[in-house]
Amino acid sequence: MGRATFGELVQSAHRHLAGTAAPHHAGGTGGNVEEVSRSLLRVVTVMGRYLRDIATSFHDLPGDTGPALAPWSRACLQANEAATNAAGFLIRRRPPSRWPAAPAASPLAQRLDAVAVSLATGRDLLQTHFAADSHGAPQQRSEWGLVITSAPVTRALLAEIGALARQTAQHGANLALSPFPGTRGNGNARRRLSAACQWLWVLDASVRAAHQLEPVTEADRELLRAIPSTPFPSAPC
């Protein structure tokens, strides 16, 4: 049995978001806006971790810093800001009524939870190729480490995050604006969910602007997807 690849995990995330983005309302039951917001926050949190990893890779690449940032470095900064702003609209201002929180009942929330798990597992897979040195700085421990931190694969990874942000935003925004009576959630919760989704679209737009200037090739995407896990556990990060 072969090792798992990053492509398998990111494709799993895409599959959970595939299909109609219309609010689920079969049988008179719609989405729960607060549940979906909690699940979306989990997705955005994992995306933020990827974006911080990507920012570190861009920082270490020659020629990607300075007064006029290269397109993908600039896109990464804008994407980080957009993800932070999206999370800010999703964070609850009061603690949950119970802990641990009950499993999501809303179909969309369940799908978003599955996306968060797939993305987190994918990031763990990438992290297996690095370990901390005696000073706590990450160092590569496989030949794939150089691939992961290379400019083409770093750009391909940011493009994947942008595409997932776009898909996720469409689902969340459709729920926030849903006219179906079975869709539960007060006006403030809907507005916050809608605002978070607007920021996810900003994230995607930043990435697509960079792609227009320096396109990600299909070969770069295939190389990203081919990254396998290592037999070693991932380093703490």
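I need the peptides 3-16, 218-231, 41-54 ranked by packing, meaning the mean over residues of other C-beta atoms within 10 angstrom, with the highest value on top.
41-54, 3-16, 218-231
Let me spell out the model: positive unit charges on the Cβ of Lys and Arg, negative unit charges on the Cβ of Asp and Glu, origin at the Cα centre of region 106-225. What dipole size does that give, in debye rounded to 20?
Rounded to the nearest 20 debye, it is 680 debye.
For a quick check: sort Asp124, Asp133, Asp60 by the number of other beta carbons within 10 angstrom, fewest at the front.
The most exposed by this proxy come first: Asp133, Asp60, Asp124.
Rounded to the nearest 0.05, what FRET efficiency is calculated for His135 and Thr84 with R0 set to 22 Å and r the Cβ-Cβ distance?
Once the sixth-power term is evaluated, E becomes 0.20.
What's the extension gain from Ala4 to Thr217 if we count 0.36 nm per residue and subtract their Cα-Cα distance?
Roughly 74.4 nm would be gained on extension.
Taken together, the values in this text are just the output of simple stated rules run on the coordinates, not laboratory data. Please read all numbers here as calculations on a predicted model, not as lab measurements. Ideal geometry is used to build each Cβ from the backbone, glycine not excepted, and the neighbour counts take in all protein chains shown.
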